[in-house]
Amino acid sequence: MAFSADFEKALQVGRPPNIRKLFPNSKALIVSGKVVDRAMAAKGKAIAMAANGRNYFVIRGVLQAAQRANCPVIIEIAKSEGGQKAYCAVNYWNMATIVDQLCNELGITVPVAIHADHYGIKNDKDLAAAKVEIPTMFEAGITSIAIDASHLPDDQNLLANLAINPFIPAWAGLETEVGEIKGNQGLSTVAEATFLIQGLNAHGIHPDWIALNNGTTHGLEASDAGIQVGLTAEIHQALAPYRVNGAQHGTSGNSSERLRQIANQTATTKANVATALQMISWGLEVNDYGNAQLDAEGNFIKVPGEGMTEELWAEMVKYATDKGWKKGDYKNLNLPFENKLLAQPAAVRERMAKRVEEFAYKMFTEVFNAADTAPLAIEAILTAGSHDLGSRASRVEDPARWTEAQIIERAKGIGGDKGPAGNFDD
């Protein structure tokens, strides 16, 4: 296919050094997450999909949809999905290679960021391991990362973000998080969010996104309570001087209308979509909320002739049943069944990806208002003349007032309800 002059220029200057080293002859415009954020901000009231690539078919379908919608996209995987204890075959270390191969095969010309989502740091051991592991992820093609120390108290969350930042390239997209994702429990507050962002700002760290606990859950949503738009808007407004946008987690379980409200009423430029894409690729019936539907017996509904073969689905259900898994545990089928999914006939593989494409295209164009933002992303690259777009923000806080001792003391006055204890991994 023909490539535009602007695309060719962006390809020359816009790919980060790790991507150029890994894929020297590639025509895939893999970029920093900052590029995608800037494109959404330039259009206004637009959100980029961050698609959790739990399987090959999700990645393929989302890339095809992004090309159709002419918008940049983020392909991501979380630590639980694709870290050292992964439940998916796609992981931190092979995701960029999969994306690069697909972009070249499919002739994808929209910019694509490779995001390490929910890189969790829960204790000192995790922090020490992160200093070794995170560089290996960037060596493997990651171009953006979410540091999630939200499980820790506010002061330790901030200090963990400060400690790990030297191991993240300055050009990379950066997300930080406050408040664990616990549904309507332990909701994030203005005080917690401003404390984290001000402390980072004082040390010259300017995240592109902040993720909040604003009412969502990961995985299968049991209620329609969902995202609290007003709370999100209030926190984003308080953070406006620090030029940080929002990352919306847990979109499955929220209606298209609720997600449109997030786009229109908040400073959100990134929204994670995970469980819905997995279920759609498999061929399960999914409603507007992205929730897989259940029949009268409480079983998932497999749509005949959609997604994987009926025989393979029956095998997966039996596997899960034999393991005693509940519906929320079906995500663990990804790793043991990826190769069986790839071994299906070409027509079946194609319909799996096509089903994802149709869903994602509708999200891009009718919900997230992201259509035709690819030229804005390329313009940002060409204006910078570099893969490194720099920070949108500048330092406004006094570092002398944000020493470790002062951070610990300041955090005592934040208060807030952290919600119930427990394992709230994505």
Can you say whether Asn287 is modelled with pLDDT under 95 and over 21 Å from the mean Cα position of the chain (by Cα), as far as the supplied structure shows? yes
Just the residues that are surrounded by 14 or more Cβ atoms within 10 Å (Cβ to Cβ), in contact (Cβ under 8 Å) with a residue 24 or more places away in the chain and not in a loop (DSSP other than H, G, I, E, B), please, taken from region 390-412. Ile407, Ile408, Arg410, Ala411
List the residue pairs whose Cβ atoms are under 6 Å apart, where the first residue sits in region 78-96 and is of a type in the set (Lys, Arg), the second is not in a loop (DSSP other than H, G, I, E, B), and the two are 6 or more positions apart or on different chains. Lys79/His118; Lys79/Tyr119; Lys79/Gly120
Can you pull out the residues in region 227-245 that are modelled with pLDDT under 95 and assigned to a loop (DSSP other than H, G, I, E, B)? Ile227, Gln228
Looking for something part of a strand (DSSP E or B) and modelled with pLDDT of 95 or more - is there at least one such residue anywhere in region 149-172? no
Could you list, in sequence order, the residues of region 116-133 that are farther than 11 Å from Gly83 by Cβ and crowded, with 24+ Cβ neighbours inside 10 Å? Ile121
Looking at Ala113, Ala160, can you tell me which residue is over 22 Å from Ala51 (Cβ atoms) and among the aliphatic types (A, V, I, L, M)? Ala160
So in region 173-194, with the set limited to residues that are at pLDDT 95 or above and among the hydroxyl-bearing types (Ser, Thr, Tyr), which one is nearest to the chain's Cα centre (by Cα)? Thr176
Considering only region 15-69, state which residues are in a strand (DSSP E or B) and under 15 Å from the mean Cα position of the chain (by Cα). Val31, Ala48, Met49, Ala50, Ala51, Asn52
Can you pull out every residue in region 70-128 that is under 30 Å from Glu379 (Cβ atoms) and in a helix (DSSP H, G or I)? Met95, Ala96, Thr97, Ile98, Val99, Asp100, Gln101, Leu102, Cys103, Asn104, Glu105, Leu106
Any chance you could count how many residues in region 291-332 are crowded, with 16+ Cβ neighbours inside 10 Å and touching a residue at least 60 places away in the same chain (Cβ under 8 Å)? 3
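The values are calculated or read from the model by the stated rules, or taken from the named source; none is laboratory data. All of these numbers come straight from a predicted model, not from anything done at the bench. Neighbour counts are summed over all protein chains in view; Cβ atoms, including those assigned to glycine, are modelled from backbone coordinates with ideal geometry.
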